[in-house]
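Single-structure report; data block below.
The values are calculated or read from the model by the stated rules, or taken from the named source; none is laboratory data. Bear in mind the structure is a predicted one, so any value in this text is a computation, not a measurement. A quick note on method: Cβ atoms are made from the backbone with ideal geometry, for glycine too, and the neighbour counts reach across all protein chains shown.
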């Protein structure tokens, strides 16, 4: 009896790449291949543009989007370039025209070098994301404050003429898995200074970050009052050498005007026209603003979350930072060097080191505590923060458009004359 040949049919789809049609479509998009002529009578795309122009449009499509904020150096270059082009068009061939052409070429080279320096930041961020996905001990994050949201956020036209309470959100975005954490609070709870940023970053490293992570890379803008200051540098140094949570921390700052990051993209998910009569309603809205790849994690901060890091770290370090902070492009702290901070002013230059403490600096922090423990700063704020009386009066006017629980909340706000209001982003 002849044996029956049985054929096993595997209907399971390919897990990694999907269907073959999806793979081919993805390859076409990555290669910027042009499709066939659609022969439409309305736009006549293939007649109006050449093949090279169509290829350039497809490959550089994302760069054609309009941006609200642009780089001042690039804007100045465009203005000067337009001025030179007008002068060149009005001149005939001669010595003066050749000089202007030479100046224009020099200007274009300088602008190209500026853009290349700006692109280094994004290249480093891409590489850090890939390393973090491949190595569980490496963590890469981007952090920034989001745009201030108004409370109450209501539709009545009187809002346009009245001051509102500001709702702050400090966003920490994990590059490896796109998880995002928002530290949210209103201006009666905390501020947006260096102590506040240090408190949020400390909480993320100790409570939210993967426990396997030992090497941290931070990408943030160069705001001196928030991210790029001596308080943040000392706090990271303290985290490595006293808390023993990390072995290495690197902070990378972008070129001014070229600091668009994932935190800015996350803000686009939030409907800023949503009705919110109380701060916690903004928190609920942010939690449901994104579903893929993960919902936003909103941490509603109380005043216990804010620590006075500046005053706490002052006895353990030099009174003033031993190196100029403003020109720094990269900053690093390493476990092997407990007295040093490393920094460099250019992305590809040599690292420089500066001594920031003495050999006995951290001896006081180990008095009266057990092995593996460390001391923390006192609270930064002892009571609810006050708002200006003018803003309080405006909120009292706006509360009549809100529910009873919102009215009670605005009645309990502390206020005083001559209080400086927080600046909007």
(message) Could you go through region 377-391 and let me know if any residue there is surrounded by 11 or more Cβ atoms within 10 Å (Cβ to Cβ), at pLDDT below 95 and over 31 Å from the mean Cα position of the chain (by Cα).
(response) yes
(message) Among the residues in region 238-245, are any surrounded by fewer than 23 Cβ atoms within 10 Å (Cβ to Cβ), on the phi > 0 side of the Ramachandran plot and not in a helix (DSSP H, G or I)?
(response) yes
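Results for (1) at pLDDT 95 or above; (2) under 18 Å from the mean Cα position of the chain (by Cα); (3) over 19 Å from residue 140 (Cα atoms), shown as yes or no for each residue.
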| residue | (1), (2), (3) |
| --- | --- |
| 235 | yes, no, no |
| 246 | no, no, no |
| 266 | no, yes, no |
| 272 | no, no, yes |
| 282 | yes, no, yes |
(message) Can you go through 158, 144 and tell me which one is touching a helix residue (DSSP H, G or I) at 6+ places or on another chain (Cβ under 8 Å) and crowded, with 17+ Cβ neighbours inside 10 Å?
(response) 144
(message) With the requirement that a residue be touching a helix residue (DSSP H, G or I) at 6+ places or on another chain (Cβ under 7 Å), over 19 Å from residue 257 (Cβ atoms) and not in a loop (DSSP other than H, G, I, E, B), what does region 85-117 give you?
(response) 87, 88, 97, 100, 101, 103, 104
(message) Just to be sure I understand, how many residues within region 281-330 are free of Cβ contacts under 8 Å to residues at least 40 places away in the same chain, out of contact with any strand residue (DSSP E or B) (no Cβ under 6 Å at 6 or more places or on another chain), under 16 Å from residue 167 (Cα atoms) and surrounded by fewer than 16 Cβ atoms within 10 Å (Cβ to Cβ)?
(response) 1
(request) Tell me the helices (runs of 4 or more DSSP H) entirely within region 261-364 that contain at least 2 residues that are at negative phi and in contact with a helix residue (DSSP H, G or I) (Cβ under 6 Å, 6 or more places away or on another chain). (result) 309-313
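One line per residue, one yes/no per condition, for (1) modelled with pLDDT under 95; (2) under 20 Å from residue 290 (Cβ atoms); (3) within 21 Å of the chain's Cα centre (by Cα); (4) not assigned by TED's automatic domain parsing to the domain that holds residue 268:
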position	(1), (2), (3), (4)
139	no, no, yes, no
142	no, yes, yes, no
155	yes, no, no, no
158	yes, no, no, no
168	no, yes, yes, no
183	no, yes, yes, no
189	no, no, no, no
195	no, no, yes, no
(request) All but one of (1) free of Cβ contacts under 8 Å to residues at least 60 places away in the same chain; (2) surrounded by 14 or more Cβ atoms within 10 Å (Cβ to Cβ) hold for residue 102, so report the exception by its number. (result) (2)
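One line per residue, one yes/no per condition, for (1) closer than 14 Å to residue 331 by Cα; (2) in contact with a strand residue (DSSP E or B) (Cβ under 7 Å, 6 or more places away or on another chain):
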| residue | (1), (2) |
| --- | --- |
| 227 | yes, no |
| 234 | yes, no |
| 252 | yes, yes |
| 262 | no, yes |
